[in-house]
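S.K.: One structure, pasted below without further comment.
The values are calculated or read from the model by the stated rules, or taken from the named source; none is laboratory data. Please read these numbers as outputs of a predicted model, since none were measured by experiment. A quick note on method: Cβ atoms are made from the backbone with ideal geometry, for glycine too, and the neighbour counts reach across all protein chains shown.
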Amino acid sequence: MSTEVDPRVYVLETREISKSFGAVKAIDQLTISILREWITCIVGPNGSGKSTLINLLSGLLPLDGGIVVVDNVGLRVVKAHDSPDHGITRTFQEVRLFDQISVWDNIMVVLTERRVFPALLERTKPNHKVEAERILKSVGMWEKRDAMAQDLSYGQRKLLEIGRAMAMDVQIYLFDEPFAGLFPRMLEQVKSILKEMREQKRSIVFVSHNMDIVRELSDHLFVLDSGALLAAGEVEEVLGRSAVIDAYLGN
Amino acid sequence: MSIATGAIRGVQEVARDPRSWWRRSKGNVELWANLIVLGWALVFMLWRGGGFAITVGSVFAIWAILAISLNLVVGYTGLLSVGHIGFFGIGAYAMAVLTSSASYEQLRTEAIPTFGWPFFAALPISVVLAGLVALVVGIAFNRFRDDIYVLVSFGFAVIAFTTFLSWRNLTRGAFGIHEVARPAIGPLVFEGELEFLALLLVFLGLVVLISWLIVTSSFGRVLTAIREDEEAIEVFGYRTTHYKLAIWVISAMMAGLAGALLASWSTFIDPNSFVLLESILLVSIIILGGLASIWGSLLGALAFVMLEEGMRFVPFLPSEFIGQIRQVILGILLVLLMLFRPQGLVGRFKL
């Protein structure tokens, strides 16, 4: 399968990547291809390696083996600080904001200069301000901009984290359980954000346990089990397979 | 400037309607901390007179530079270093060795090389030397964080102190170095204490300005993000090791500057000024004043110096206990602070 890749279709691929924690194989020889400008969903039971996969793709964990292919370049090592260069950004399963700084700075910090010495000389730029304002308004956090991130509610934190990812102008967005623990109104908000991003030709990968949302949003589905690929394909078709039902959905 | 305008507006408000001001300000710990420390310093200086004020001002300026430099690392970047006194010492010894003109033939100790440089020639060397050592140490430290960082920086402080004490050919060990030069610009020599205080305040102003520019830049914002979650900010494309190294070196250079100023101000240094305890006191000062706040470091340094110099005049204390009691009081203050106000007097960040 991986030999017939069309680079216009696949934005991110893994080829036989592995990751073990001690004796536990979290990801075992996993090969997947993620479609460009589509919403891809990853489902699987707890401990099936979904978060580990996202951590590997964003460079938070080192690969034990295999390669990650981005922009037709195969990488044996993915460094976290290079992930935006590879066109990747992400959110975390447990919200990881910069707690003791303001909501405003949480967004600003991902917009500004990366190199050390230019950053030392850079004052707040008008175009960064405009961008931060746009992001904060689109996630409904503009009124809260002066609050410290740690003083927000769980749902607001979740939204702010998604906003922080949106502030990155990249191709691939990895959302680790963006819908977990949200009440219905915010759920709708996140859904519409994801749909809007698809409209804007971004590629989205998200992890979720909510089958209704998976059915509604995703174009493509991967089912992981024990770090290996159980099934892949179009949503309804995959969810109808008996192996998937047995492993994950029960009855 | 905002502090000055704020103070003026505050005074106007009090004059207009004292009662409503009192109602609103009763619970404002930050305001009271400011008023108490500044008022205490002012009253004490007026009471003890000019000479005392000049001494306190000079000690304050040196500690304030040191406190601000450490706050950049601890408060803004979240690297709890207890080794900063080492850079302070490197700056001080560089200044002392380069400018001392003492003739040691008359003393019964080994002679050390004397260079007799002028102050302003030795100052940049002291600063750069502290920065270079910090660069090497920082590259080694970059892999550590949190509690391990405390331990390795502790190790650095011990190594630095031992070096000052044992490298007798250069530092004269426990005998210390005499006759460190006072600064001179052409015919103008900063012999008098008042002139020296003015010079110290100029340097303090520079350090405050540079630090303010750093923490309000994009770079400064990244530092706070590193403090909050280093892994997370790395995912957004920042090489955090470079950032940590940069602020570490800048901070060490400021500490080196403070050390060089101390050596010249007191004209004599020995290793006792650079023991680990001083480093712990320094960390206490910035926690007391407030982490991630430049004003907090100024306030903390002032409170500490007032405690140190002021205790001397408490009438019922036997003079031999003053040093220890000072530390006891500082310790009690810290415990109370951590219990009731973990962000320090005017801080923005809880450890």
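S.K.: For residue A:183, work out the one condition from (1) surrounded by fewer than 13 Cβ atoms within 10 Å (Cβ to Cβ); (2) more than 30 Å from residue A:135 (Cα to Cα) it doesn't fulfil.
M.R.: (2)
S.K.: Next question. Within the stretch B:174-184, work out how many residues are surrounded by 18 or more Cβ atoms within 10 Å (Cβ to Cβ) and outside any loop (DSSP other than H, G, I, E, B).
M.R.: 1
S.K.: What are the residues in the stretch B:208-263 that are of a type in the set (D, E, K, R), more than 9 Å from chain A (Cβ to nearest Cβ) and closer than 16 Å to residue A:110 by Cβ, if any?
M.R.: First pass over the stretch B:208-263, keeping only residues of a type in the set (D, E, K, R): B:221, B:227-231, B:234, B:239, B:244.
Narrowing the set further to residues that are more than 9 Å from chain A (Cβ to nearest Cβ) leaves B:230, B:244.
B:230 - this is the single residue of the stretch B:208-263 that is of a type in the set (D, E, K, R), more than 9 Å from chain A (Cβ to nearest Cβ) and closer than 16 Å to residue A:110 by Cβ.
S.K.: Considering (1) within 14 Å of chain A (Cβ to nearest Cβ); (2) hydrophobic (A, V, I, L, M, F, W, C); (3) buried (at least 16 other Cβ atoms within 10 Å of the Cβ), say which one residue B:160 fails and leave the rest.
M.R.: Result: residue B:160 fails condition (1) only.
S.K.: Go through the stretch B:222-241 and give me each residue that's under 13 Å from residue A:113 (Cβ atoms) and under 24 Å from the mean Cα position of the chain (by Cα). Walk me through it before giving the result.
M.R.: If we filter the stretch B:222-241 for residues that are under 13 Å from residue A:113 (Cβ atoms), which is where we start, we get B:222, B:236-239.
Within the stretch B:222-241, just B:222 meets the criteria.
S.K.: Of B:152, B:137, which residue is over 22 Å from residue B:94 (Cα atoms) and crowded, with 16+ Cβ neighbours inside 10 Å?
M.R.: Values: B:137 fails: over 22 Å from residue B:94 (Cα atoms).
So the residue among B:152, B:137 that is over 22 Å from residue B:94 (Cα atoms) and crowded, with 16+ Cβ neighbours inside 10 Å is B:152.
S.K.: If I filter the stretch A:70-80 down to residues being surrounded by fewer than 19 Cβ atoms within 10 Å (Cβ to Cβ) and part of a strand (DSSP E or B), which single residue comes out as farthest from the other protein chains (Cβ to nearest Cβ)? If you could, list the steps in order and put the result at the bottom.
M.R.: Of the stretch A:70-80, the ones surrounded by fewer than 19 Cβ atoms within 10 Å (Cβ to Cβ) are A:71-77, A:79.
In the following step, the residues that additionally are part of a strand (DSSP E or B) were identified as A:73-75.
Numbers: A:73: 17, A:74: 21, A:75: 15 Å.
Filtering the stretch A:70-80 for residues that are surrounded by fewer than 19 Cβ atoms within 10 Å (Cβ to Cβ) and part of a strand (DSSP E or B), the one farthest from the other protein chains (Cβ to nearest Cβ) comes out as A:74.
S.K.: Please name all residue pairs, on different chains or six or more residues apart, with Cβ atoms under 7 Å, provided the first residue is in the stretch B:155-170 and is closer than 21 Å to residue B:82 by Cβ and the second residue is of a type in the set (S, T, N, Q) and surrounded by 15 or more Cβ atoms within 10 Å (Cβ to Cβ).
M.R.: These pairs meet every condition: B:157/B:279; B:164/B:171.
S.K.: Separate question: Could you grab me the full set of residues in the stretch A:41-90 that are over 13 Å from the mean Cα position of the chain (by Cα) and under 18 Å from residue B:233 (Cα atoms)?
M.R.: A:61, A:62, A:78, A:79, A:80, A:81, A:82, A:85, A:86
S.K.: Could I ask something else about it? Residues B:158, B:137, B:150: which one is part of a helix (DSSP H, G or I) and closer than 20 Å to residue B:269 by Cα?
M.R.: Values: B:137 fails: closer than 20 Å to residue B:269 by Cα; B:150 fails: closer than 20 Å to residue B:269 by Cα.
None of the other options fit; the residue is B:158.
S.K.: Among A:211, A:197, which is in the same structural domain as residue A:31 (by TED's automatic domain parsing), at pLDDT below 90 and surrounded by 13 or more Cβ atoms within 10 Å (Cβ to Cβ)? Break it down stepwise before answering.
M.R.: On the way: A:197 fails: at pLDDT below 90.
That would be A:211, the only listed residue that is in the same structural domain as residue A:31 (by TED's automatic domain parsing), at pLDDT below 90 and surrounded by 13 or more Cβ atoms within 10 Å (Cβ to Cβ).
S.K.: Something else: Taking the stretch A:81-114 as the search range and keeping residues that are more than 8 Å from every other protein chain (Cβ to nearest Cβ) and assigned to a loop (DSSP other than H, G, I, E, B), which one is nearest to residue A:130 (Cα to Cα)?
M.R.: Only one residue tops the list, namely A:111.
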